[in-house]
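Here's the structure we're looking at; comments come further down.
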Amino acid sequence: MRPTDLPPLQRLIERLVQLLNRPADARLVCITARCAHGVKSIDIDRPTLALVLRGAKQVTAGQRAETLQPGDLLAMAPGARLDVVNRPDAADGRYLTLGIPLCDEVLAAARLLWVGALQPGGMHFARVPGDALVHELAALADAVTADDEAQARLAVLNLLMVLARRGCSDLLLPRPPTLAAQVRRLVAQAPARGWQSADFEQALAMSGATLRRRLADEGTPLREAIAQSRLACALELLYTTRSPVKTVAHRVGYQSVESFARRFRERYGLEATAIGNAVAESA
């Protein structure tokens, strides 16, 4: 079958797969896996969008579970904690998802454009069929192809507004991040840094006692918040690069690969090698 004979959504999927073969673009995040695997307790600190392109994804939050196929978009609201299972495509041998970052500027613009009050809907995640979003996703692909930053932001804004009107308005809620989420965001900027309490006290303009008390109230000690961020960065690297596990461990601040592998397994219920992207260490 010629590309022009494919249904519109399938043509768009193939186009996006080709775009992901280009050099890395901050507007598009390529999440890949070559082995079936499950990941426990992924914390969503920011509104997040992901479009399945190859394989299948199962998402669970509490008693609710959904299975996404190629062309389905996953919208995830801040505060969600998700369990996922990713399965590569039988023919292609890859699981492939396109991540669409939502920057603060686009989120702020969407809130200004929203008519009426934003009310929490209790959404942790939502599956939206790609057939309903072909036009908006194609506009984003056009912008990335043209390397037009302004056009790309407008395309993401339009996509976000369509999702909000389809029941995903929780993505727009201006929720103040928890203190633990603020700590995780700071650590993510330099995960290999030897973070100390004083660093967060200065960055967040609070005393050490206040920092510890507020984190205790949230149930996340400082050392745990730092470890969560480092391990989340490691998970992203294992999905988006082919770096060996030893390299990933060092890039997120672990000198001992054994210690990293143990903490990663405890955090996500997953061996660091299970995603299948990492190349073997050279001798």
For this session: Rank THR97, THR145, THR241 by mean-square fluctuation in a GNM of the chain with C-alpha springs under 10 angstrom and give only the top-ranked residue.
Result: THR145
For this session: Determine, for each peptide in 205-211, 229-235, the mean count of other beta carbons within 10 angstrom over its residues, then list the peptides with the highest first.
Result: 229-235, 205-211
For this session: Would you mind computing the Rg to Rh ratio of the range 18-144 from its alpha-carbon coordinates, Kirkwood style for Rh?
Result: 0.96
Seminar exercise, completed: For the chain, the helices passing both cut-offs (Cα extent along own axis of 20 Å or more, Kyte-Doolittle mean at least 0.0, full DSSP H runs) are 149-163, 222-240
Exercise. Which shape class, rounded, prolate or oblate, goes with the range 160-283 when its Cα gyration tensor gives a ≥ b ≥ c as root eigenvalues, a/c under 1.5 marks rounded, and past that a/b bigger than b/c marks prolate?
Worked result: oblate
For this session: Would you please give the FRET efficiency between ARG262 and THR145, computed as 1/(1 + (r/R0)^6) with r the Cβ-Cβ distance and R0 = 41 Å, to the nearest 0.05?
Result: 0.40
For this session: Can you figure out the FRET efficiency of ALA205 with GLN69, using R₀ = 35 Å and their beta-carbon distance, to the nearest 0.05?
Result: 0.15
Seminar exercise, completed: Length gained, GLN119-THR273, 0.36 nm per residue minus C-alpha separation, equals 51.3 nm
Exercise. Taking the chain as a Gaussian network, where each spring joins two C-alpha atoms under 10 Å apart, which residue of PRO174, PRO101, PRO70 fluctuates the most?
Worked result: PRO174
Exercise. With Rg and the Kirkwood Rh both taken from Cα atoms, where does Rg over Rh land for the range 75-169?
Worked result: 0.99
Exercise. For the chain, what is the accessible area per residue in Å² when the probe is 1.4 Å?
Worked result: 49
Seminar exercise, completed: Under the helix-only model (-39500 (n - 2.57) for each DSSP H run of 4 or more, divided by the residues of the chain), the mean residue ellipticity at 222 nm, to 500 deg cm²/dmol, is -13000 deg cm²/dmol
Exercise. Any idea how far apart ALA91 and ARG213 come out in nm if each label point goes 7 Å out from Cα toward Cβ?
Worked result: 6.2
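The values are calculated or read from the model by the stated rules, or taken from the named source; none is laboratory data. Given the structure is predicted, the values throughout are model-derived calculations rather than measurements. Methodologically, a virtual Cβ is constructed for each residue, glycine included, from the backbone with ideal geometry; neighbour enumeration extends over all protein chains shown. The area values use the complete protein model at the heavy-atom level, side chains included, leaving out ligands, DNA and RNA. Shrake-Rupley method; radii C 1.70, N 1.55, O 1.52, S 1.80 Å.
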